[in-house]
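The values are calculated or read from the model by the stated rules, or taken from the named source; none is laboratory data. Here the structure is a predicted model, which means the values were calculated and not measured. A quick note on method: Cβ atoms are made from the backbone with ideal geometry, for glycine too, and the neighbour counts reach across all protein chains shown.
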Amino acid sequence: MMLNIVNNEDEIVGQASREEVHLDGLLHREIHIYFVTLNRQIIFQHRAKDKETYPDLLDATVGGHVEIGDGYLDTAIKEAAEETGLKIDSQELIFINKTTNKSIDQSTGKINNAIRTSYLLIFDGDVSDLKIETGKALGFELWSLDKLADISDTDSNRFIPYILDFSRKELINFIDQYVSKNN
């Protein structure tokens, strides 16, 4: 898969393979969607044990690279269908933020250097309704916001590090605002 390489202003400056992107730490585009229940729980995806980066760790409910010719929102809708089986409408996605994050996977040495647009989706179904993408994930886990706010060291090691940093700092307050509006 080829991806756009971008500069710090999110302007396309080239293209490279996904493998090159993660070997060389090239800045590229990604999306995340956090599914949240009306009971103040976040659904995290448990990544497959053989993923290229951050294998066997908990991640956003949906995540993916923005492919050449696609935008952030198009990618979010496409990835949600691929990774959960849900067909969502762009109106259901609540923009959280757009950030730049660079991290090194300690187990694989791969570098993820991305401009990431994150969205929230209020999910009123059951986690068992979500379809696991074969070969990409092991399943989904529900975590209460209260547990995330006071997570143990043992539990925190189950997550991709930048997921918890984001979840605890911004996501909890953001979710509380939107869940209370929809209850």
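General observations
- Residues of the stretch 1-33 satisfying the condition of being surrounded by fewer than 19 Cβ atoms within 10 Å (Cβ to Cβ) and part of a helix (DSSP H, G or I): 18, 19, 20, 23, 24
- Residues being part of a helix (DSSP H, G or I) and in contact with a strand residue (DSSP E or B) (Cβ under 7 Å, 6 or more places away or on another chain) - total across the stretch 81-107: 3
- Residue within the stretch 29-48 that is under 16 Å from residue 111 (Cβ atoms) and either touching a residue at least 24 places away in the same chain (Cβ under 8 Å) or touching a Phe, Trp or Tyr at 6+ places or on another chain (Cβ under 6 Å) (or both) present: yes
- Only listed residue being farther than 25 Å from residue 158 by Cα and of a type outside the set (S, T, N, Q), chosen from 38, 73: 73
- Residues being surrounded by 13 or more Cβ atoms within 10 Å (Cβ to Cβ) and more than 13 Å from the chain's Cα centre (by Cα) - total across the stretch 105-133: 12
- Selection of first residues in the stretch 66-82 that are more than 14 Å from residue 6 (Cβ to Cβ) and of second residues that are surrounded by fewer than 15 Cβ atoms within 10 Å (Cβ to Cβ), restricted to Cβ pairs under 7 Å at least 6 apart or on distinct chains, gives the following pairs, ordered by first then second residue: 73/90; 77/90; 81/87.
- Selection of the stretch 134-146 for residues being under 19 Å from the mean Cα position of the chain (by Cα) and either part of a helix (DSSP H, G or I) or not aromatic (Phe, Trp, Tyr) (or both) yields 134, 135, 136, 137, 138, 139, 141, 142, 144, 145.
- In the stretch 57-80, residue surrounded by the most Cβ atoms within 10 Å (Cβ to Cβ) [restricted to those that are among the β-branched types (Val, Ile, Thr) and in contact with a strand residue (DSSP E or B) (Cβ under 7 Å, 6 or more places away or on another chain)]: 62
- Every residue from the stretch 1-17 that is of a type outside the set (Asp, Glu) and within 20 Å of residue 118 (Cα to Cα): 3, 4, 5, 6, 7, 8, 12
- Residues in the stretch 34-68 that are in a loop (DSSP other than H, G, I, E, B), among the polar types (S, T, N, Q) and farther than 12 Å from residue 83 by Cβ: 37, 39, 53.
- Residue in the stretch 37-72 that is modelled with the lowest pLDDT, counting only those that are over 13 Å from the mean Cα position of the chain (by Cα) and of a type in the set (A, V, I, L, M, F, W, C): 38
- Looking across the stretch 1-20, the residues that are aliphatic (A, V, I, L, M) and free of Cβ contacts under 8 Å to residues at least 40 places away in the same chain come down to 5, 12, 13, 16.
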